[in-house]
1. By its C-alpha gyration tensor, with a ≥ b ≥ c as the square roots of the eigenvalues, how is segment 207-277 shaped: rounded for a/c under 1.5, else prolate for a/b larger than b/c, else oblate?
2. Restricting things to Cα coordinates, could you compute the convex hull volume per residue of segment 388-457 in Å³?
3. Over its Cα atoms, what ratio of radius of gyration to 2.2 N^0.38 Å does segment 145-291 give?
4. Output needed: percent of Cα pairs per 5 Å distance bin for segment 27-168, bins running from 0 to the one holding the longest distance.
5. Too long at a 30 Å Cα-Cα cut-off: which of LYS189/LYS240; LYS179/LYS273; LYS124/LYS173; LYS33/LYS124; LYS82/LYS149; LYS179/LYS444?
6. Given R₀ = 60 Å, FRET efficiency for PHE317-ASP62 by Cβ-Cβ distance, to 0.05?
7. For segment 22-87, state which GluC sites (Glu not before Pro) are in a DSSP loop and have at most 16 other beta carbons lying within 10 Å of their beta carbon.
8. Cα gyration tensor of segment 159-235, axes a ≥ b ≥ c as square roots of the eigenvalues: rounded (a/c below 1.5), prolate (a/b > b/c) or oblate?
Amino acid sequence: MTRIHGEIEFEFKEDGSGEGEFLACGKVVNLLKNHVARGQLDEAAGLLASCAENVGDELISDITSGGASKQTMGDLAEMFFKARDFNRAAKCAYSAGRFDLAAKFLEADYDLERAAGLYLKAGKIAKAAELFEKNLTFNKAAELFLKMKDFPRAAENLERAGDYFNAGQLYLKMARWDKAVDVLQRLDKMAAHFVPGVKLLGQVLERTGNSQLAMQKYLEVVKSKPLDAESLEIHYRLAKLCADNGFQQQAGQLLNGILGLAPQHQGAREVAKTLGLLQADQARARQNAIEPVPLDLSEKELGTEGADRLVGMDKDFEFLRRVPLFSELSLDELKYVQSLCEKKRYQDGQTLITEGTPGEALFVLARGKVKVVTSTGDSAASDHGTVVAELGPGAHVGEMALLDDFPTSASVICEGNVVAFKLARRRFSDLVESNERIQVRIYKVLIKTLTKRLREANEKLAAKGLG
C-alpha cells in the first residue's frame, strides 16, 4: 500500500502481525537532493530519519552517478552526520577527500580503528595515536608516539602491548629505573628478546646495588640457554659476580665455557687470571660451550631463594582477573587496568578514605579487611561511628565519590594490615573515558555492587533501629 503526502511517497511496510508503518520512498530521493543542493541540511536530515534504510544508499548513488563535486559530497556528508548516520557520513566525506572529517564521523560511531587510520592519512598524527590508544591498539599507538618523540606515552603503550623489552629500553632512556626494572622482569623465557632483556635488566640491577638479584636473573639464562654469541655477555657478568661473591668454583666453570667460545674475551681472561685459573682443555671447552653450563649454584646459595620480583605483576594480574569489578573486561582491557593501578600496603587502623572529603581514588582490596564507617550521634557506636560494612579481598571502595563531585559518604578504615590496588581519580577517569566498551562494562558492575551495598546497609541500619 502506498500513500502520497505532499511531494513524498510513503509505502506501508507490514511486520508480519498485521501492524507496520509508512516509510518514505520514491520521490523522497529527489526531495532530499533538492534540500542538499539548497544547503537545507537540517531539513534533509530530518526527512532522511523517516525514510527506509535503503534511501540513504539510493541518494548517494543518485548524486554520484552524475559526477558530484567535492563540495556536494561534503554537504551530503554533513547532512548524514546531522541525521546521525555516521557510517554514510564518513563514506561521503572520504569521497570528498575530507579524510579528517571522515575520521571525525567514524569516531562518533566508535569505529576507532578506522578513524585513527583516516586521521593518520590526514596528517593528524597526535589524534591518530590517541585513538589507537583508546582502541587498545597499543603497538600502533606506541609507534606514533615514538614518531612524535613522546617517549613516556610510547613506553606506556609498549608496556600495555606486552613489548616489555622495548618499553624497558625507553624507560631507561628516560632514567626511570624502577619502571625499567618492573617491565624487564616480565619478559617470558620464550620471548624473542629474553636474553638481551635479561642482560639489560642485570646491568640496571647491578648499577642500582642489587647484585644478588642480578645474579638470579643471569642464572635463569645460564641454566636454560646455550652459551652462544647472544648469551656470552650474561655468562661473563655472572662469572664476574660469582668471583666477587666468593663462588670461585662456579666462576671457573663459567669462565671455562666463555674462553672456549671466545678465547680472546678480555674481561673473562682478566677474571680468570685474578682467580689463578688455567684453561687446560680448549677442545673440551669448545664442545661444552654449545650446551647450558651445569652450574652447581642455586638461588638458595645466592641468598635470593623465594625473592620476589621488585614489582610483582604476574600474581597481581591473576588476582585482578578474578575481581568482580573487572570480570567483564577482555584480556587487553584488563592489562590496561593493571598498568594504571598502584599496589599499596596499609597498617592496622590506617584510614583509606575519610568521610566528607573529596574522593581521591578507587581501592581494590587484595589482602586484609576494612570496615566502612559513617558518622553518627549515637555515643554507643564505635569511636569512629557506625560500622555499616566489613569488606575483604576482592571488594572495592571509594568508587562512588569518583562518579560525581560530592564528598565521600563514609570512612574506610583498615582492620589489620591491608594490601590494596589504588586507582587514582585521574587514572580512573582516563580508564572509563578511554573506551566506550570499558566504560559500559565497569559501570554495569558498579551499579550492581552499589545497589547491593545500599540494600545491605539499609537492612543493617533498620535492624539497629537507625533506619
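1. On the way: a/c = 1.71, a/b = 1.14, b/c = 1.49.
In terms of gyration-tensor shape, oblate.
2. Details: hull volume 7.3 nm³, N = 70.
It comes to 104 Å³ per residue, whole-number rounded.
3. On the way: Rg = 17.0 Å, N = 147, 2.2 N^0.38 = 14.7 Å.
The value comes to 1.16.
4. 2, 11, 18, 16, 14, 10, 9, 7, 6, 5, 2, 1, 0
5. Details: LYS189/LYS240 23 Å; LYS179/LYS273 38 Å; LYS124/LYS173 26 Å; LYS33/LYS124 32 Å; LYS82/LYS149 37 Å; LYS179/LYS444 32 Å.
Where the Cα-Cα span goes over 30 Å, the pairs concerned are LYS179/LYS273; LYS33/LYS124; LYS82/LYS149; LYS179/LYS444.
6. Working: r = 55 Å, r/R0 = 0.91.
It comes out at approximately 0.65.
7. Details: sites: GLU43, GLU53, GLU58, GLU78; in loops: GLU53.
Taking segment 22-87 and a limit of 16 other Cβ atoms within 10 Å, the loop GluC sites (Glu not before Pro) found are GLU53.
8. Working: a/c = 1.98, a/b = 1.27, b/c = 1.56.
Oblate, because a/c is 1.5 or more while a/b does not exceed b/c.
Taken together, the values in this text are just the output of simple stated rules run on the coordinates, not laboratory data. Model, not experiment: these values are computed from the prediction. Reconstructed Cβ throughout: ideal geometry from the backbone, glycine too, with neighbour counts over all protein chains shown.
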